[in-house]
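The values are calculated or read from the model by the stated rules, or taken from the named source; none is laboratory data. Keep in mind it's a predicted model, so treat the numbers as computed, not measured. Glycine also receives a Cβ, built like all others from the backbone with ideal geometry; neighbour counts cover every protein chain displayed.
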Amino acid sequence: MKDGLPPQAKISKQAKETIQECATEFISFVTGEASERCRRERRKTVNGDDICHAMRTLGLDHYADAMHRYLQRYRESEELGGVAQQQRRRRPQQGVIQIDVRDELSIFRGNNNNNNEKQDRNI
């Protein structure tokens, strides 16, 4: 939560709790829509594509696009992870693939530059 704020900003406990409640409500809202789609299609499992579809249905296209890109990268990393796992059996100590979702949302893009500037100043 602090990543989106200037370094000197303080966040009250009440503000943190309010944001947590909002995030929980948002997740429930989107998941409920995705679950309804699964129910209509007589499926029992909600998947990432259902979440993307629910976001679009709810008018959250920007988030749906970011989620879709994240989902694609995740699936690619899972495929690579399977290959890497097979290679680790032959050759241990391979690295782990990580995906930073903050790169997908524009609200974090400007902030990443600030973090890079801070790191540059510290070096």
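From the list 4, 81, 59, which one is at pLDDT 95 or above and small (Gly, Ala, Ser)?
Values: 4 fails: at pLDDT 95 or above; 81 fails: at pLDDT 95 or above.
On inspection, the qualifying residue turns out to be 59.
Being part of a loop (DSSP other than H, G, I, E, B), more than 23 Å from residue 75 (Cα to Cα) and aliphatic (A, V, I, L, M) is the filter; apply it to segment 1-52 and report the residue that is nearest to the chain's Cα centre (by Cα).
The residue in question is 1.
Consider segment 11-27. How many of its residues are closer than 17 Å to residue 59 by Cα and loosely packed, with under 11 Cβ neighbours inside 10 Å?
Within segment 11-27, residues that are closer than 17 Å to residue 59 by Cα and loosely packed, with under 11 Cβ neighbours inside 10 Å number 1.
Being at pLDDT 70 or above and within 28 Å of residue 33 (Cα to Cα) is the requirement here; does residue 102 meet it?
Numbers: at pLDDT 70 or above: no; within 28 Å of residue 33 (Cα to Cα): yes.
So residue 102 fails the test.
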